[in-house]
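Working notes, structure below.
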Amino acid sequence: MNAFEIIKFGSNLLKEKNIPSFILDSEILLAKTLNKTREYILINLDQKINTKNILAYKEYLKRRSNNEPLAYILGEKEFWSKKFYVNKGTLIPRPETELLIDKILKIYQEKKISILDIGTGSGCIIISLLSGLKNSNGIGVDISKNAILTAKKNALKYKLSTRLKFFNKSLNSIFSKKFDLIVSNPPYIDSKDIKNLSDDIKRYEPRIALDGGNDGLDLIRKVIYKSKHILKINGMLALEIGNEQIKKVSKILIDNNFRIKHVIKDYKTNVRCVFADYN
């Protein structure tokens with residue numbers, strides 16, 4: 001079989017399994033199999049594929065047809081023009097989180113600040129921030145050892161290990177050090193809504209990174225409460241939040257002496273990020 005034939009085979013299989021991006025995914029998986037770019041595959045469709053690679057490709061197709069996210073099969077996900085290592089112990093970075101990065105970089109530009117990333121996961125947020133804020137340093141914390149190992153690997157990849165440290169810690173054990181900026185994309189999905197998520201999310205992504213408790217706000221409350229004790233005066237808290245949570249999150253912030261400075265809407269006009277400073 002040549003590349004064209006095997007892509008057609010893969011596309012038909014994924015289409016039967018109701019994978020929306022069946023053609024694109026089949027091309028990307030063949031590129032991974034051959035350790036080539038997708039562009040290379042598309043201009044070499046007549047290339048013969050040997051039996052060993054066909055078998056490997058079919059294994060990838062099997063995983064994808066079972067709704068395993070493409071990012072986990074590839075072992076990486078693009079975010080803020082960088083490719084981050086990901087695995088089943090880390091949440092897959094989402095495009096809407098880039099809104100958080102964009103706003104923070106505009107606010108701080110060339111300033112020298114200290115940043116804490118709570119629930120760092122793959123480290124994509126703080127690594128993206130420090131890549132843009134060349135004079136700043138940061139700390140990422142997560143209760144998942146797997147996530148911390150992955151984040152460290154990503155920091156090493158982007159040569160940030162001297163300005164960025166990661167710790168396997170819970171919220172309760174975060175240090176007494178004070179920060180200029182605390183950023184967090186905490187779990188914010190209501191526990192009872194987890195069952196309604198698509199299979200690729202609820203079956204494969206870590207529940208601990210999704211489940212925000214009975215109203216989706218358990219971790220958000222804890223992050224806000226903890227932040228007021230470890231932010232510098234006039235320090236900023238930047239949060240990603242869920243759909244229709246802005247009113248409740250705003251009240252929690254105000255009740256804890258925060259002042260809301262900015263809200264950012266996502267591509268569907270839902271308020272996705274909130275920025276507040278501590279008085």
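So how many Å³ per residue does the convex hull of the Cα atoms of the chain work out to? Don't skip to the end; give the middle numbers.
Numbers: hull volume 36.9 nm³, N = 279.
Dividing the Cα hull volume of the chain by its residues yields 132 Å³.
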What angle, in degrees between 0 and 90 and rounded to the nearest 10, separates the Cα long axis of helix 3-16 from the longest principal axis of the Cα atoms of the chain?
60 degrees
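When the helices in the chain are scored as -39500 (n - 2.57) per DSSP H run of 4 or longer and the sum is shared across all residues, what 222 nm value do you end up with, to the nearest 500 deg cm²/dmol?
Helix contribution divided over all residues of the chain: -12000 deg cm²/dmol.
So how much slack lies between Asp215 and Asn66, counting 0.36 nm per residue of separation and subtracting their Cα-Cα distance, in nm?
Numbers: separation 149, 0.36 × 149 = 53.64 nm, distance 3.00 nm.
50.6 nm is the gain from fully extending Asp215 to Asn66.
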Ignoring solvent entirely, what values of log10 I(q)/I(0) come out of the Debye formula for the range 48-178 at 0.09, 0.10, 0.12, 0.19 Å⁻¹ when each Cα is a single scatterer?
-0.32, -0.38, -0.52, -1.04
The chain: antiparallel DSSP beta bridges as a percent of all, rounded to 5:
45 percent
How large is ³J(HN,Hα) for each residue in the range 46-58, as worked out from phi by the Karplus curve 6.51 cos²θ - 1.76 cosθ + 1.60 (θ = phi - 60°), to whole Hz, x for Gly and Pro?
8, 5, 6, 10, 6, 4, 4, 6, 5, 5, 5, 4, 5
Once phi is turned into ³J(HN,Hα) by the Karplus curve 6.51 cos²θ - 1.76 cosθ + 1.60 with θ = phi - 60°, what whole-Hz value does each residue of the range 130-144 show in order, with x for glycine and proline?
6, 5, x, 9, 5, 9, 9, 9, x, 9, x, 10, 7, 7, 8
Based on the Cα gyration tensor of the range 3-66, what are the three equivalent ellipsoid semi-axes, each the root of five times an eigenvalue, rounded to whole Å and given largest first?
18, 12, 10
Leu116 long-range amide H proximity, modeled H, under 5 Å
Ile139, Leu181, Ile182, Val183
Whole-Hz couplings from phi, Karplus 6.51/-1.76/1.60, listed for the range 231-242; x for Gly and Pro:
8, 5, 4, 6, x, 10, 10, 10, 10, 8, 10, x
Springs between alpha-carbon pairs under 10 angstrom, Gaussian network model over the chain: which of Phe84, Phe22, Phe175 fluctuates most?
Phe175
Taking H placed 1.01 Å from N in the peptide plane, check which residues at least 5 places from Ser136 or on another chain put their amide H under 5 Å from its amide H.
Ile113
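No lab work stands behind these numbers, since they all come straight from the coordinates. All values reported here derive from a predicted model rather than from experimental measurement.
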